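S.K.: Have a look at this one before I ask anything.
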Amino acid sequence: MSGLRGAAAAFEAALDPALRRARGVHFTPEREVAWVVGAVIVRPWRAALARARSLEALDALHARLAAWRVLDPACGAGAFLAAAWEALRAVERRLLARRAALGGGSLPARLRQGQLLGIELDPAALALARAALPGARLEAGDALLDGAGARRPWPAADAVVGNPPFLGAKRIAPERGAAWARALRAAMPEVPPMADLCVHFLRRAHEHLPPCTRADPLAGRAGLVLARNARSGASRAGGLDAVVRDGTIVEAWDNVPWPGAAQVGVSIACWVKTRDPALLPRRRRLWSGATGAPAAAAVPHLDASLRAAPPPGRRAAALAPLACNRAPKRCFQGVIPGYGGFLVGPRQAERLRADSAGVVRPYLTGRELLSAGAPRRFVLDFGALGEAEAARFPSALAHVRERVLPAVRDALDRAERTGSGMASARREHLGRFWQLWNRRDALRAALCGRDRYLACARVARRPLFLFVPAQVVPSDLVQVFTFDDLYSFGVLQSRHHAAWARARGSRLRVERDVRYAVREVFETFPWPQGPRFRGPPAGAVERVERGAAGLLAARE
């Protein structure tokens, strides 16, 4: 195993960086390979051995082991398959020892490397895998699409393991080619367009597996290393959400630090294609540990975000969005200018204000909110004004025409050349180039008539809330809350809400930054909705307001 890992590491180091980026290639560290194989192969087979207490049961299990197949659809240099082979051989040795102890005599090994299946696009990596596993059935080529652009058929398997390539949705067409990206969307329409490339492998793996049944309790098992964003947004909707509809995540590692040049963190999910409690372990395992040996916490259930959660029967009531948090809408993301030409420094802003003061507004980013608490730049924000109305601000419009319009045209040209799904949106923006890419009209309407709003950085170690003047335009990395009262500030800045945000938000760096997720955090947070609620004892609202005022005074 160690020789194969060394060869794989050498292969990755020798691979051209541009090619590695285009293919999303990063070989899996030995610890993570062993963890996946332990969850998918070692523990289920040991449990099956523990249940087999007669020679007949052991012989039936031996026959099943001799036919049990493992597939890695992006096998690289074969690290997962090599680890699977060693694990299966260890299971067989233990089985034969148990059989001999029961007086059954000795039998020859029945395992064959032909039970190891793999697909790999890179010829050099495939050559390494074939050298290490000469009897394995390894295929060359693209695991997702065949030569005609249709789904490539996968060999039948009882388990799927591996580390499929990661590639953000916006990079798939530029890196893999527009034609390939279009063919992938056509072949797998069930995966959202904004999902990571690894989600296509996850979805194919789950659909490809046979179900785990009482007649065949060792079938339908999988463990994959995934991009961190597989736990949220479109990636989760296309992948892990589909898995938990008819399967069960039994072990997960939500944040795994990746050593070496990759400079990424990942998640790992292991699941069984069944929801039958009789076929599942009583407790799920949620692993953690940035360095050294990982530790497992036993939890009752793991959801599609790879978090501990109540069992499915209770989860809907416990974590469902609350109607009072959704209507009226109170939580918004800030604007997306889309192009740097919309942003200007203080001196240029002062010059433009001579005839365009109405559209030159302070612009606040998440980093500024956390550090200085005040904007350092300005944005030319025409809101939803038409071009004729925008002409009332001649200097600002001339600036946007000179600095933004060429960039809008270039972006449209690139999108059309690459066949990107963004082409239609770029074309629409060309017709209103003087406006921000995403104006957040609903946010503007919610702030109308208010003097201030609450805001926190969307990405931070913990949420820090500040009151921001309403004339300040928040960036898309600022989470906006349309409250202007002390009571709401006190609730949001409370340690209870901070703990909720950390538990429910999506982590970006290992054990550090957390993204404030509106649906998972704000909409599910069970907080009192106004100063007239009946829950707390009399005077609770006033005490929260006094505490909030004291905190603001201390900050000043």
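S.K.: Amide H neighbours of VAL225 under 5 Å, at least 5 residues apart or on other chains, H built in the peptide plane: list them.
M.R.: Under 5 Å from the amide H of VAL225: GLY162, ASN163.
S.K.: Given a 1.4 angstrom probe, I'd like the percentage of the accessible area of the chain that is carbon and sulfur, rounded to a whole number.
M.R.: On the way: 13610 of 24840 Å².
Carbon and sulfur atoms account for 55 percent of the accessible area of the chain.
S.K.: So how strong a dipole does the range 90-135 carry about its Cα centre when Lys and Arg Cβ are +1 and Asp and Glu Cβ are -1, to the nearest 20 debye? Can you show the working numbers first?
M.R.: Details: 7 positive and 3 negative charges, 83 e Å.
The calculation lands at about 400 debye.
S.K.: Residues with amide H under 5 Å of LEU145's amide H, sequence separation 5 or more or different chain, H placed in the peptide plane at 1.01 Å from N; which?
M.R.: The answer is ARG152.
S.K.: On average, how much accessible surface per residue is there in the range 172-235, in Å², for a 1.4 Å probe, leaving out ligands, DNA and RNA? Each step should come with its number before you reach the end.
M.R.: On the way: 2200 Å² over 64 residues.
Result: 34 Å² of accessible area for each residue.
S.K.: If you place +1 on the Cβ of every Lys and Arg and -1 on the Cβ of every Asp and Glu, how big does the dipole about the Cα centre of the range 133-251 come out, in debye to the nearest 20? Please report the intermediate quantities before stating the final value.
M.R.: Working: 16 positive and 12 negative charges, 70 e Å.
Dipole magnitude for the range 133-251 comes out near 340 debye.
S.K.: With a cut-off of at most 13 other beta carbons within 10 Å, and DSSP calling the residue loop, which trypsin sites (Lys or Arg not before Pro) in the range 196-235 qualify? Please list them.
M.R.: Numbers: sites: ARG203, ARG204, ARG214, ARG221, ARG228, ARG231; in loops: ARG214.
Answer by residue number: ARG214.
S.K.: For a protection proxy built on the mean count of beta-carbon atoms within 10 angstrom, sort 155-165, 116-126, 270-280 highest first, please.
M.R.: Values: 155-165: 23.1, 116-126: 20.2, 270-280: 18.6.
The most tightly packed comes first, giving 155-165, 116-126, 270-280.
S.K.: Also, I was wondering about something else. Could you order peptides 65-73, 519-527 by the average number of other Cβ atoms within 10 Å of their residues, highest first?
M.R.: Details: 65-73: 20.9, 519-527: 18.1.
Descending packing order for the listed peptides: 65-73, 519-527.
S.K.: While we're here: Ordered by packing density, taken as the mean number of other Cβ atoms within 10 Å over each peptide's residues, highest first, how do 355-361, 39-45, 106-112, 410-416 rank? Intermediate results must be reported in sequence, preceding the final value.
M.R.: Working: 355-361: 17.7, 39-45: 22.1, 106-112: 11.7, 410-416: 16.1.
Output ranking for 355-361, 39-45, 106-112, 410-416: 39-45, 355-361, 410-416, 106-112.
S.K.: While we're here: Note down the nm distance, to one decimal, between modelled labels 7 Å out along Cα→Cβ at ARG282 and at SER371.
M.R.: Going from the ARG282 label point to the SER371 one covers 5.3 nm.
S.K.: Per residue, how much space in cubic angstrom lies within the convex hull of the C-alpha atoms of the range 52-141?
M.R.: Output value, Cα hull per residue: 75 Å³.
S.K.: Hey, another quick one. Starting from the 7 Å offset along Cα-to-Cβ, what nm value, one decimal, do you get for the label separation of ASP355 and ALA66?
M.R.: So the label points at ASP355 and ALA66 sit 9.0 nm apart.
S.K.: Same structure, new question: Where Rh is the Kirkwood radius over the Cα pairs of the chain, the temperature 37 °C and the viscosity 0.692 mPa s, what D in µm²/s does Stokes-Einstein return?
M.R.: Rounded, D is 123 µm²/s.
S.K.: Rolling a 1.4 Å sphere over the protein heavy atoms, what is the accessible area per residue of the range 63-148, to the nearest Å²? The partial results should precede the final answer.
M.R.: Working: 3520 Å² over 86 residues.
For the range 63-148, the per-residue accessible area is 41 Å².
S.K.: What does the convex hull of the Cα atoms of the range 385-460 come to per residue, in Å³, rounded to a whole number? Provide the component values of the computation, followed by the final result.
M.R.: Working: hull volume 11.6 nm³, N = 76.
Taking only Cα atoms, the range 385-460 has a hull volume of 153 Å³ per residue.
S.K.: With +1 assigned to the C-beta of every Lys and Arg and -1 to the C-beta of every Asp and Glu, and no other charges, what is the dipole magnitude of the chain about the Cα centre in debye, to the nearest 20? Write down the numbers at each step before the final one.
M.R.: Numbers: 84 positive and 49 negative charges, 214 e Å.
Rounded to the nearest 20 debye, it is 1020 debye.
The values are calculated or read from the model by the stated rules, or taken from the named source; none is laboratory data. Keep in mind that what you see is a predicted model, and the values were worked out from it rather than measured. Here the Cβ is made from the backbone with ideal geometry for all residues, glycine too, and neighbour counts use every protein chain on show. To get the accessible areas, we keep the full protein, side chains included, count just its heavy atoms, and leave off ligands, DNA and RNA. Shrake-Rupley method; radii C 1.70, N 1.55, O 1.52, S 1.80 Å.
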